[in-house]
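Single-structure report; data block below.
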Amino acid sequence: MIKKLLVALTLVSTMGLAQAAVLLQEDFNDVSALPGQGWVLDNQSMPPGLAPGWVQGNPQVFTAQSGPDDSYITSDFNVAAEGGLVDNRLFTPVFSLVNGATATFYLRSANSGATFADIVIYGYTEGSTDPLEFIAEMVATPPNEWTMYTITIGAQAGNGRLGFVHRQPQLTADYVGLDTLLIESNPPSQVPEPASLMIFGLGLAGLSLARRRR
């Protein structure tokens, strides 16, 4: 009986382990499919330029961080007319914030920063696709190599979106890429869960049986 209880304890403790769940994973193999998956691509550049907004990566400029050479999403100076303002927005589908979340992604530019310096503003909203509603807004000036960035979101009720905005004067913009995005829920807080309570109960039962056998 004791052996059976030990086996049960092992199985239940495995069930009770707090694990991060994948909320969103995107490698940008097909940018044209993103709107149908809940992504929002919104080019608000003024005046608008020849490019439509965020598009599939161009491997002739640089290759993806991982996967096929063109499997990243990019924005460049052509989204705004010459002398205008680049304001190219990208928002993920909504994801749960109940346990909080940690997002990792890679950014890079096509230049060394000597002449141009692409700027990407990123953050999260409570479901909005308006950058004015960013919470914990951050600014990145990606180098000319893939670099990982991380954003951590605390637990709260409701859903959120992660957003990226390529925004700056058109004359200082060049070409920036985003790749390998992963959003995971944070492990739940250490509050006794049903599995944990079951472990406690089984432990007491095991002690009781051990005493009876003495």
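The values are calculated or read from the model by the stated rules, or taken from the named source; none is laboratory data. Not measured: the values here are computed from a predicted model. Because the Cβ atoms are built from the backbone with ideal geometry, glycine has one as well, and the counts that use them run over all protein chains shown. The accessibility values were calculated without ligands, DNA or RNA, using every heavy atom of the protein model including side chains. Shrake-Rupley method; radii C 1.70, N 1.55, O 1.52, S 1.80 Å.
Residues Ser109, Ser32 ordered from highest to lowest accessible area at a 1.4 Å probe: Ser32, Ser109. Between Glu82 and Ala136, the distance separating the two model label sites (each 7 Å from Cα on the Cα→Cβ line) works out to 4.3 nm.
Phi angles of the range 178-188 translate, via the Karplus equation with coefficients 6.51, -1.76, 1.60 and θ = phi - 60°, into HN-Hα couplings of 10, 8, 6, 8, 9, 10, 10, 6, 6, x, x Hz per residue; Gly and Pro are given as x. In the range 36-129, taking the dipole from charged Cβ atoms about the Cα centre, the farthest positive-side position among Ala103, Thr92, Pro52 is held by Ala103.
Taking amide hydrogens as placed 1.01 Å from N in the peptide plane, the amide H of Asn144 sits under 5 Å from those of Ser109, each at least 5 positions away in sequence or on another chain.
Specify whether the C-alpha gyration tensor of the range 21-165 places it in the rounded, prolate or oblate class, a ≥ b ≥ c being the square roots of the eigenvalues: rounded for a/c under 1.5, otherwise prolate if a/b is larger than b/c and oblate if not. Prolate is the answer for the range 21-165, as a/c is 1.5 or above and a/b outweighs b/c. For the Cα trace of the range 53-102, dividing Rg by the Kirkwood Rh returns an Rg/Rh value of 1.11.
For the range 152-167, 3J(HN,Hα) computed residue by residue from phi via the Karplus equation (6.51, -1.76, 1.60; θ = phi - 60°) reads 10, 10, x, 5, 6, 6, x, 10, x, 10, 9, x, 10, 10, 8, 9 Hz, glycine and proline entered as x.
State whether the range 77-141 is rounded, prolate or oblate according to the following rule on the C-alpha gyration tensor (a ≥ b ≥ c being the square roots of its eigenvalues): a/c under 1.5 gives rounded; otherwise a/b larger than b/c gives prolate, and the remaining case gives oblate. Cα axes put the range 77-141 in the prolate bin. Extending 7 Å from Cα along the Cβ direction at Ser128 and again at Thr150 yields two label points whose distance is 2.8 nm.
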